[in-house]
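The values are calculated or read from the model by the stated rules, or taken from the named source; none is laboratory data. If you're wondering where the values come from, they're calculated on a predicted model, not measured in any experiment. Note that we place each Cβ from the backbone using ideal geometry, even for glycine, and neighbour counts take in every protein chain shown.
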Amino acid sequence: MQTEQLNGVASKPAYGPVELNPKSSFHLFVAEQLLPKAMECLYDACQPNEGRKEKAVVEDASDPELRNLLATFPLNGTLYLAGTEPFLWRVASHARALGLCPEQIRLMAPVTRERHLFCCHCHTITEGVTYSPYACSGCGAMLEVTDHFSRLHGAYFSFQANAEDSADMPEQREVN
Amino acid sequence: MSTIDQIDVKVVAIEQVAPMIKAFTLEPLKGELTPFSAGAHVVVEMDGSEQRYRNAYSLMSDPNDNRQYQIAVRLQETSRGGSIYMHDQVALGDELKISPPANLFAPAWRAKKHILFAGGVGITPFLSYLPLFKQREVEFELHYLFRSHQTGAYSAELAAEFGDQCCCYDADQGKRCDIAEVMSGQPLGTHFYICGPESLIEAVRATAEEMGIPASAIHWEEFAGAKPGLPFKVELSRQGIELDVAADSSLLEALEGAEVDIPNLCRAGVCGQCVCNVTEGEVEHRDSYLSDTEKQSGQVIMPCVSRAAGGRLVLDI
Amino acid sequence: MRVAPKEIQSFRDDFTYTNSAAAIERFPFPFPEDEYRYSVNIEAHQPKGGEGSAFEHYIDIDEHYLSEMAERELVLKDMPNRCLVMEHMDLACWEMLERYMVSLAEDYPEHFTLTRDGDSWRWENKLLHIDDHFTFGDSATLPRPPLDYIGRQVQGDFALMDQREGNLFMDAGMVTCPADWSLAFDAGMSFDEWHGPVPMVHNEGIIDRARKYLMALPVGQPVRRLNWTLTVNARMDTSSETYNEWGHERASITPENVGEKIYLRVEVQVLDRMPRSNAVTISIRTYLLSLEDLVTNKAWAVRMHRTMKTLPEALIHYKGLTRFHGMVVDYLAQFDPAN
């Protein structure tokens, strides 16, 4: 399979340290479930001269509170996101559709290393994956986890690990 | 094979649309022209008596009209001659060669609102945006800055057609545009476009930066091509020839004058097609294509706009 | 002599696919030199090779036309989402339909006819017995949406890229014979992202240069590049989706059957600018030739051997050749006088 042993795959997101945007007139900090400590620190460090800041914990991109906050989001606002990787990309994509530019959306490193896996055979997404191979929650195939990431699906590409030789199942490894 | 090389066109109308601007209507000698996308340009080839000029001009006609194209040319007396040729030499019925359209300045269609800043003849690419804005019913504002003693083509027509959406600022009547005021309070998802002199582009970019507006919401096209500089010599090491690049000629034009074929599209340092390898000599980079690392390496040059920083360059051609 | 479409052969199960002598002769052999080197290798999509060549026309219709169209129907029936179109790509799809219909009618008037009266169009495809009247730009007047409609009538896969934000995004496509990738997964990705898994190209800046080049592509100046891999059996649909069905065939190669079962799979990729939407279309036309048939051309046999022998490890792995690459080199060695 072309996607075996991918090293440094360009589609894998890199999450650098998140900085405040001093030019923004509105700073919106949004977290999934719980505001992580790193985001609390960032929120506390944010001392806008003229602008305002808000923080919110939401369930998902469709959360009414998030909708309300984004409804009045200014052209020079900045959105800071924390949560699991699929949450980050779902909310980011929702924000892009509302007109935010990429540099207005700042993603903090995902709070867990759990991945969502896209099974290329049945297109089911399996959640909470930390090792490879991992059983697909749709078709049951043992899936080899790769670093090829889709922002649209918020998930990593995966394929049946022993498709070429059913007796040749790779050893279990942790994915980071 | 569905390929278009150069298109032979005939000048079917010439109109003085402002004191310094002439509009040319071009029809194909045979067949139909291709439709194009808003913001596209063509390169017009002019056979002057001493040299061949190639200048890029925005298409300003309706993108869906494949019977004719329209371009507008501002007379640039201090430039390198292409616009003077278009103004003085090209007559009704003349034939010209143009490239197929390419687009380096398309609207960001996902924007929620579009704000256009046009400076003088910089109105031209926006004239091709407007029919599509209207057709797609998108929100926009046009801010048109000009000097009516020189430019200001179509200002009356635009004001009549678009009413409040079109604001004209005639500097010769003392009207000026408060860029910060235009840009402030705009809704989320607004994108800004500038076509005009460098000073206008810089002013809008600086205002955006000051106001915290994201850089990727700002789009611009410089209509000026190569600017003159000091004369220099260029050696083509593989061909073993040396050429003179005159003060008012670009390196690309000098190469073309010596029948050295270099692929090119925009002739303004944007598209990257004409990149050449440099083996000796310092480069004065004037393009917006090469990365800073590439510029610092001194190993490449965009000959359409950039020149030698010293008296001589050696190219690997 | 132009190759005429022949009766339907299969690309699965009993694999009845064969190449005629004429098809072998016109096969677009992809290696320009003995040593393998990765390059962007883009050239103008101009006619090359004269009458009957695979590069004679904008779109190549060959003897496998009916077989490939039948195979595509099978794939789409099973997995309709092998054809995906995001809403904003509608105009680009219509433009692709226009480009294809116009060039097919011009290049193969015996098979295809296009009659246009303003926006009222009539399309006749005599090979598939299609005769439809429709209004250009109005999807409701076609039996299927434009990409789904024209894609079922042209050999090869198709991807359409939207150009925005300084990048190209794969926002539409019909992909039923890919070399091991999934449109459903890669949909919506930027140029850099969907080339993410390709080894070696990112560090060398190849992807960046290719993207910048494509973004400046003018109307009417299509370009092409060739890509290749090796496929076990004449299987068109080597998609990621069906990898769990065909993967085991990679373990079926022996020194005895390698010449018969390994196919050189060549993709002629044509990239073209759509005039109104400013989208870039890619057609990926796949040709399959067994090693047995390939070595009937002595020059190809020698070059194929040398190229396979010098293939970098990372590419052997990426292209999924690990299990049989050695056998391919050994098989080809007998045709190389240097050995």
Exercise for review: Just need a number here: residues in the range B:35-54 that are surrounded by fewer than 20 Cβ atoms within 10 Å (Cβ to Cβ) and assigned to a loop (DSSP other than H, G, I, E, B).
Suggested key: 5
Check your understanding: With (1) closer than 26 Å to B:Pro131 by Cα; (2) at pLDDT below 95; (3) among the hydroxyl-bearing types (Ser, Thr, Tyr) as the list, and B:Tyr193 as the residue in question, which single condition is left unmet?
Key -> (2)
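Go through the range A:134-164 and give me each residue that's more than 16 Å from the chain's Cα centre (by Cα) and not in a strand (DSSP E or B). Full working, then the answer.
Step one: list which residues in the range A:134-164 are more than 16 Å from the chain's Cα centre (by Cα), which gives A:134-145, A:158-164.
Residues satisfying the conditions are A:Cys136, A:Ser137, A:Gly138, A:Cys139, A:Gly140, A:Ala141, A:Ala161, A:Asn162, A:Ala163, A:Glu164.
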Review point. When the range C:12-36 is examined, which residues are found to be aliphatic (A, V, I, L, M) and farther than 18 Å from C:Glu267 by Cα?
Key: C:Ala21, C:Ala22
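Matching residues to (1) in a helix (DSSP H, G or I); (2) closer than 19 Å to B:Thr190 by Cα:
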{"residue": "A:Asp60", "(1), (2)": "no, no"}
{"residue": "A:Leu66", "(1), (2)": "yes, no"}
{"residue": "A:Leu69", "(1), (2)": "yes, yes"}
{"residue": "A:Phe73", "(1), (2)": "no, yes"}
{"residue": "A:Pro86", "(1), (2)": "yes, no"}
{"residue": "A:Arg90", "(1), (2)": "yes, no"}
{"residue": "A:His94", "(1), (2)": "yes, yes"}
Review point. Can you name every residue in the range C:47-97 that is away from chain B (no Cβ under 14 Å) and without any contact (Cβ under 8 Å) to a residue 12 or more places away in the chain?
Key: C:Lys77, C:Asp78, C:Pro80
Check your understanding: Given the residues C:Ala184, C:Ala172, which is the only one that is of a type outside the set (Ser, Thr, Tyr), more than 8 Å from chain A (Cβ to nearest Cβ) and not in a loop (DSSP other than H, G, I, E, B)?
Key -> C:Ala172
Revision key, fill the gap. Going through the range B:202-217 in order, the residues found to be crowded, with 20+ Cβ neighbours inside 10 Å and either within 17 Å of the chain's Cα centre (by Cα) or within 10 Å of chain A (Cβ to nearest Cβ) (or both) are B:Ala208, B:Ile213, B:Pro214, B:Ala217
Review point. Does the range B:16-28 contain any residue that is crowded, with 17+ Cβ neighbours inside 10 Å and hydroxyl-bearing (Ser, Thr, Tyr)?
Key: yes
Check your understanding: Which numbered condition trips up B:Ala91, out of (1) small (Gly, Ala, Ser); (2) over 22 Å from C:Glu95 (Cα atoms); (3) not in a loop (DSSP other than H, G, I, E, B)?
Key -> (3)
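From the residues in the range C:209-238 that are part of a loop (DSSP other than H, G, I, E, B) and within 14 Å of chain B (Cβ to nearest Cβ), which one is nearest to C:Thr307 (Cα to Cα)? Before you say what the answer is, go through the steps one by one.
Start the filter on the range C:209-238 by keeping residues that are part of a loop (DSSP other than H, G, I, E, B), which leaves C:216-218, C:220-222, C:233-237.
Going one step further and asking which of them are within 14 Å of chain B (Cβ to nearest Cβ), we end up with C:216-218, C:220-222.
Numbers: C:Ala216: 32, C:Leu217: 31, C:Pro218: 34, C:Gly220: 34, C:Gln221: 31, C:Pro222: 28 Å.
Across the range C:209-238, the extreme among qualifying residues is C:Pro222.
Assess whether B:Phe105 counts as being more than 14 Å from every other protein chain (Cβ to nearest Cβ), modelled with pLDDT of 90 or more and either in contact with a helix residue (DSSP H, G or I) (Cβ under 9 Å, 6 or more places away or on another chain) or surrounded by fewer than 16 Cβ atoms within 10 Å (Cβ to Cβ) (or both).
Values: more than 14 Å from every other protein chain (Cβ to nearest Cβ): no; modelled with pLDDT of 90 or more: yes; either in contact with a helix residue (DSSP H, G or I) (Cβ under 9 Å, 6 or more places away or on another chain) or surrounded by fewer than 16 Cβ atoms within 10 Å (Cβ to Cβ) (or both): yes.
Taking the combined requirement at face value, the residue does not satisfy it.
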Review point. So which residues in the range A:63-121 are more than 25 Å from B:Met183 (Cα to Cα), among the hydrophobic types (A, V, I, L, M, F, W, C) and within 12 Å of another protein chain (Cβ to nearest Cβ)?
Key: A:Trp89, A:Leu117, A:Phe118, A:Cys119, A:Cys120
Exercise for review: Kindly list the number of the only condition in (1) away from chain C (no Cβ under 14 Å); (2) under 28 Å from B:Pro263 (Cα atoms); (3) in contact with a Lys or Arg (Cβ under 8 Å, 6 or more places away or on another chain); (4) not charged (D, E, K, R) that fails for B:Gly93.
Suggested key: (2)
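Looking only at the range B:83-95, filter to residues that are within 15 Å of B:Val43 (Cα to Cα) and in contact (Cβ under 8 Å) with a residue 40 or more places away in the chain; which one of those is surrounded by the fewest Cβ atoms within 10 Å (Cβ to Cβ)?
If we filter the range B:83-95 for residues that are within 15 Å of B:Val43 (Cα to Cα), which is where we start, we get B:83, B:85-86, B:95.
Next cut, in contact (Cβ under 8 Å) with a residue 40 or more places away in the chain only: B:86, B:95.
Working: B:Met86: 24, B:Glu95: 11.
Ranking the qualifying residues of the range B:83-95, first place goes to B:Glu95.
Test A:Phe118 against the criterion of being assigned to a strand (DSSP E or B) and either not charged (D, E, K, R) or not assigned by TED's automatic domain parsing to the domain that holds A:Tyr43 (or both), and give yes or no.
Numbers: assigned to a strand (DSSP E or B): yes; either not charged (D, E, K, R) or not assigned by TED's automatic domain parsing to the domain that holds A:Tyr43 (or both): yes.
Against the criterion (assigned to a strand (DSSP E or B) and either not charged (D, E, K, R) or not assigned by TED's automatic domain parsing to the domain that holds A:Tyr43 (or both)), A:Phe118 qualifies.
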Exercise for review: Those residues that are at pLDDT 75 or above, surrounded by 20 or more Cβ atoms within 10 Å (Cβ to Cβ) and assigned to a loop (DSSP other than H, G, I, E, B), I need them from the range C:188-208; list them, please.
Suggested key: C:Met189, C:Gly196, C:Pro197
Point to revise | Index of the failed condition, C:Ala299 passing every other in (1) buried (at least 19 other Cβ atoms within 10 Å of the Cβ); (2) of a type in the set (A, V, I, L, M); (3) without any contact (Cβ under 8 Å) to a residue 12 or more places away in the chain | key: (1)
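Conditions tested, residue by residue: (1) surrounded by fewer than 20 Cβ atoms within 10 Å (Cβ to Cβ); (2) at pLDDT 90 or above.
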| site | (1), (2) |
| --- | --- |
| B:Ala224 | yes, no |
| B:Lys233 | yes, yes |
| B:Arg238 | yes, yes |
| B:Leu255 | no, yes |
| B:Cys266 | no, no |
| B:His285 | no, yes |
| B:Ala308 | no, yes |
Point to revise | Lone qualifier among B:Lys30, B:Lys22, B:Lys10 - being out of contact with any helix residue (DSSP H, G or I) (no Cβ under 9 Å at 6 or more places or on another chain), basic (Lys, Arg) and in contact (Cβ under 8 Å) with a residue 24 or more places away in the chain | key: B:Lys10
Revision key, fill the gap. Scanning the range A:121-131 for residues that are assigned to a loop (DSSP other than H, G, I, E, B) and without any contact (Cβ under 8 Å) to a residue 24 or more places away in the chain gives A:Cys122, A:His123, A:Thr124
Check your understanding: Do you know which of the residues in the range C:239-287 that are part of a strand (DSSP E or B) and of a type in the set (Lys, Arg) is farthest from the other protein chains (Cβ to nearest Cβ)?
Key -> C:Arg285
Review point. How about the range B:108-192: which helices (runs of 4 or more DSSP H) wholly inside it have at least 1 residues that are touching a residue at least 40 places away in the same chain (Cβ under 8 Å)?
Key: B:124-136, B:179-183
Practice item. Identify, from the list C:Ser67, C:Ser53, the residue that is modelled with pLDDT under 95 and either of a type outside the set (D, E, K, R) or closer than 24 Å to C:Phe134 by Cα (or both). Key: C:Ser53
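Does any residue of the range C:315-326 turn out to be in contact with a Leu (Cβ under 6 Å, 6 or more places away or on another chain) and within 14 Å of chain B (Cβ to nearest Cβ)?
no
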Check your understanding: What residue, of C:Phe134, C:Phe158, is part of a strand (DSSP E or B) and within 20 Å of the chain's Cα centre (by Cα)?
Key -> C:Phe158
